[in-house]
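Only one structure is covered here, and it is reproduced in the block below.
Every read-out reported here was derived from the displayed coordinates using simple, explicitly stated rules and does not represent laboratory data. Model, not experiment: these values are computed from the prediction. Cβ coordinates were reconstructed from backbone atoms using ideal geometry, including for glycine residues, and neighbour counts include every protein chain displayed.
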Amino acid sequence: MPRGMFDAEGFFAVLDGHRIQRDVTWRQIAKESGVSPSTLTRMAQGKRPDVDSLVSLLAWSGESADSFMVVDGEKPVTTDALANVTAQFRKDPRLPPEAKAAIEATVKALYEQFAKTRKAK
């Protein structure tokens, strides 16, 4: 039988990305999502959220729990991950076009470098 777990560290990192992009504080996230600030503090320390807090934070962020599932030690591969990441930067109205292009080029270069490294192992 497959053994699964939730990548809480990865989820917290994505929440942090949303926090930065939306230019809000952790306290604002707690208020907007309906979770306690102490839940977010515990998550920052590597603890897992309770189920209700998880659902609230997923709803607030617009993320899917599937993205953070780890089954038998492997995260599901999302073939369009690079496209999704670069599309998010292209849609950000706070970034000028030259910044979007620079970020996209950097992300693509890093992705290609690490994807090759992974294949070699």
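Return the only residue of L54, L40 being assigned to a helix (DSSP H, G or I), touching a residue at least 40 places away in the same chain (Cβ under 8 Å) and surrounded by 12 or more Cβ atoms within 10 Å (Cβ to Cβ).
After ruling out the rest, the residue left standing is L54.
Mind listing whichever residues of the range 10-27 are surrounded by 13 or more Cβ atoms within 10 Å (Cβ to Cβ) and over 22 Å from L95 (Cα atoms)?
Of everything in the range 10-27, those that are surrounded by 13 or more Cβ atoms within 10 Å (Cβ to Cβ) and over 22 Å from L95 (Cα atoms) turn out to be G10, F11, F12, W26.
Name the single residue, out of those in the range 82-93 being over 21 Å from E112 (Cβ atoms) and free of Cβ contacts under 8 Å to residues at least 40 places away in the same chain, that is surrounded by the most Cβ atoms within 10 Å (Cβ to Cβ).
K91
It is to be established whether one or more residues within the range 23-33 are touching a residue at least 60 places away in the same chain (Cβ under 8 Å) and in a helix (DSSP H, G or I).
no
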